[in-house]
1. What is the dipole size for segment 52-148, taken about its Cα centre, with +1 at each Lys and Arg Cβ and -1 at each Asp and Glu Cβ, in debye to the nearest 20?
2. Compute the Cα gyration tensor for segment 1-95, then decide on rounded, prolate or oblate, letting a ≥ b ≥ c be the square roots of its eigenvalues: rounded whenever a/c is under 1.5, prolate when a/b is larger than b/c in the other cases, and oblate in all that remain.
3. Once you list every other residue whose beta carbon is under 15 Å from the beta carbon of LYS54, what net charge do they have if Lys and Arg are +1 and Asp and Glu are -1?
4. What percent antiparallel are the DSSP beta bridges of the chain, to the nearest 5?
5. What is the sum of charges, Lys and Arg at +1 and Asp and Glu at -1, for the other residues whose Cβ falls under 13 Å from the Cβ of ASP71?
6. Can you work out D for the chain in µm² s⁻¹ from Stokes-Einstein, where Rh is the Kirkwood radius over C-alpha pairs, the temperature is 20 °C and the viscosity is 1.002 mPa s?
7. Give me the lysines in straight-line cross-link reach of LYS193: C-alpha distance below 28 Å, same-chain residues under 8 apart excluded.
8. Could you give the Stokes-Einstein D for segment 58-98 in µm² per second, using the C-alpha Kirkwood radius, 4 °C, 1.567 mPa s?
Amino acid sequence: MIKLDGKDLAQRIKLQLKEETLELKESLGKVPGLAIILVGDNPASKIYVNSKIKGCSELGFESFAHFLPEDTNEEKVLELIGELNEDERVNGILVQLPLPKHIDEKKVIDKIALNKDVDGFKPENLGLLMLGDKDSMQPCTPAGIMELLRAYSIELVGKDVVVVGRSNIVGKPMGSLLINEGATVTTCNSKTKDLKAKTSQADMVIMAIGQAKFLTEDMVKEGAIIVDVGINRTEDGLFGDVDYDGVSKKAAYITPVPGGVGPMTVAMLFANTMKAFKKVNNIR
């Protein structure tokens, strides 16, 4: 069994971005800028946002953090995004989700300029991804998984892959990226009949449902590749959607939790911000 070490790969990607940023500062006198908007006091969201601000600092990026109170109205958030769209120092805009219930998530994402959509959530970017456009902004988690598979030279052509989860953030774009690489993809969800029959035949299983230890040893075949997107905080600790101890006995490759997909998601956010910076500055 080989552990797919996302933590190590993410560090290497970030080191490369740091070196690139230093060169850009010397040659152009400017660096990539990421604006982050957090509405409310969600403790988990605060941790994520602070880690992204710290990440910007480590890479030499500029960060523009906007912490707004829970009762901020929708109009104010949209107005702020409009201002950031016009700000030349800002190459990427990240709105930390979830938003408070009184704010329409779709409206907020729609307001972000296409060239600053570093989360890759806008319908236009998702459409381009589906069409196989490699220049489009890809959602960070699926893009991070693809980088991880490439780093371990895992061939996707002809692979039978089961993606469990159909969210717009992970499941759906993940399926499109795999199809574009020549894999045969089955997307499963909570309504799927006999999930075990599907996962136990798959060459690769990608779990993204948010249920601790859901995928068990008897649900996978010998030599399968297992990618665990889940991060579930329980009374007993932090677990993925995969029962790691059991499944790792049969898997050829498996991502740990933590240290697998999570660090790659953050690294790809910074990679997308660099990509946006290069596009606007016509750098190849």
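Please treat every number below as a calculation from the coordinates, not as lab data. Since we're looking at a predicted model, the values are computed, not measured. Every residue, glycine among them, receives a Cβ derived from its backbone with ideal geometry; neighbour counts consider all protein chains shown.
1. Charge dipole, segment 52-148, about its Cα centre: 260 debye, nearest 20.
2. It comes out oblate by the Cα gyration axes.
3. Residues near LYS54 contribute +2 overall.
4. 10 percent
5. So the surrounding residues net to -2.
6. It diffuses with D of about 109 µm²/s by this estimate.
7. LYS193 reaches LYS159, LYS172, LYS213, LYS221, LYS249, LYS250.
8. 111 µm²/s
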